[in-house]
Amino acid sequence: MSTLTTAFLGVAHIHTPGFIKSLNDRTADVRVKAVFDVQADRGKQRAGEMPGADFVASAEAIFADPEITSVVICSETVQHKDLVVAAAKAGKHIFCEKPLGLGADDAKVMADAIKAAGVTFQTGFFMRGDPNHQFIKREVAAGNLGKITRVRYSNCHQAALDGWFDTDWRWLADAKLAGGGAMLDLGAHPLDLIVDTYLPVEGEVVDVAAKLGNKGGRYGTEIDEFGTALLTFASGATAVVEASWVDPSLRSPVEVFGTEGQIQLIDGALRYFSKRVDGADGKTPVTDLPKPGTHAFNAFFDVLLGKPVSVPLITVDQAAAGSTIMERVYNAAGRSTH
């Protein structure tokens, strides 16, 4: 069996421990050789959690190592552009945690560099592999909902209520380092699903309206703790994206409406009505769902190893488009992601 050698460029993101566990579970085919982080203590701690990994004092040491063929970028978002461009120029395949960029300009620079280098790219939109989302994508693509008229997706949790960012992950609530708050962090997932899954052929986003708010103030009053965005597509379809760090319990309601059907995913139960599908009466929760797709992180390495994946990798153009629309959301709300 062939083995890949990879390295971390930054270990700041809250998903880093999960990624380390995934790599420690697959040491037979992926080896982590090096870890770089702008905070040496943080980098050394994470390197010590992976067998054989060493902390290195500069990213250049990773770029110059021919044995390292891929990198995992989990730095603060503000560092993404420099790290991604340098990694692409060094010919390294890139997994970059979402969001790709702070906005349209830096996302385009990264996308251009990745495409020019011809390296494989992936980002952390793991929700694409969820069985419910795969089901929705399939039924929309088949035309079984008719013409899509509107979509709503609320992605929320209690991070600011329970202090998830009080210590190790404090930068995620610092707009200067992260680019934004709850909308940028959690809203990026439904935005990706809406553009890729529910409205894939409905045309570009022609109008954006948004409101962002802060009530708790645990991380200061400048960061958005919750918000709502309304997107209007060229077809006339609308999509509402809601995100929050201050929701104590209920999670992720999804609603997709079309002229011949509708789907609602609330509290884990998916209900489906379609005039075109026998038995889709909207009353009984759907249980015959696709199998879960490989997590986006593991799928990156599977593709590099030539293994099949059930959910394709996210393209860098899709990731850049998400950053571009998200910047428009913040601008519409009178804020900036820069």
Order by protection proxy (mean Cβ within 10 Å, highest first), peptides 287-293, 192-198: 192-198, 287-293
Rounded to 10°, Cα long-axis angle of helix 316-332 versus longest principal axis of the chain: 70 degrees
Counted charge near Asn144, where neighbours are those whose Cβ lies closer than 13 Å (Asp, Glu -1; Lys, Arg +1): +2
Amide H contacts of Asp54 (H built 1.01 Å from N, under 5 Å, at least 5 apart or other chain): Ala34, Val35
For Val30, distant residues with modelled amide H under 5 Å away: Leu4
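Which of rounded, prolate, oblate describes region 229-271, given a ≥ b ≥ c as roots of the alpha-carbon gyration tensor eigenvalues and a/c under 1.5 marking rounded, otherwise prolate only if a/b is larger than b/c? The partial results should precede the final answer.
Working: a/c = 6.29, a/b = 1.32, b/c = 4.75.
Oblate is the answer for region 229-271, as a/c is 1.5 or above yet b/c matches or exceeds a/b.
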Helix axis angle, 131-141 relative to the chain longest principal axis, alpha carbon, degrees: 60 degrees
Residue exposure sequence - Met110, Met50 - by fewest surrounding Cβ within 10 Å: Met50, Met110
Among 279-285, 121-127, 309-315, the order from most to least packed when residues are scored by Cβ within 10 Å on average: 121-127, 309-315, 279-285
Global form of region 78-213, assessed from the alpha-carbon gyration tensor, a/c cut-off 1.5: oblate
Cβ-derived FRET efficiency at R0 45 Å, Asp105 paired with Arg276, nearest 0.05: 0.55
Prolate/oblate/rounded label for the chain (Cα gyration tensor, a/c 1.5): prolate
Among 226-239, 318-331, 75-88, the order from most to least packed when residues are scored by Cβ within 10 Å on average: 318-331, 75-88, 226-239
Full-extension gain in nm, Leu161 to Asp267, via 0.36 nm per residue minus C-alpha separation: 36.1 nm
Difference of contour (0.36 nm per residue) and Cα-Cα distance, Ser235 to Lys44: 63.7 nm
Region 35-143: relative contact order in percent, alpha carbon pairs under 8 Å with at least 6 residues between: 19 percent
Nearest-ten-degree value, helix 104-117 long axis tilted from longest Cα axis of the chain: 60 degrees
Rg followed by Dmax, in Å, when region 4-123 is reduced to its Cα trace: 13.2, 39
Amide H partners (placed H, <5 Å) of Leu270, local residues excluded: Val286
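The numbers here are math on the coordinates, done by the rules we state, and not lab data. Note that the coordinates shown come from a computational prediction; the quantities given were computed from them, not determined experimentally. Backbone-built Cβ (ideal geometry, glycine too); neighbour counts: all protein chains shown.
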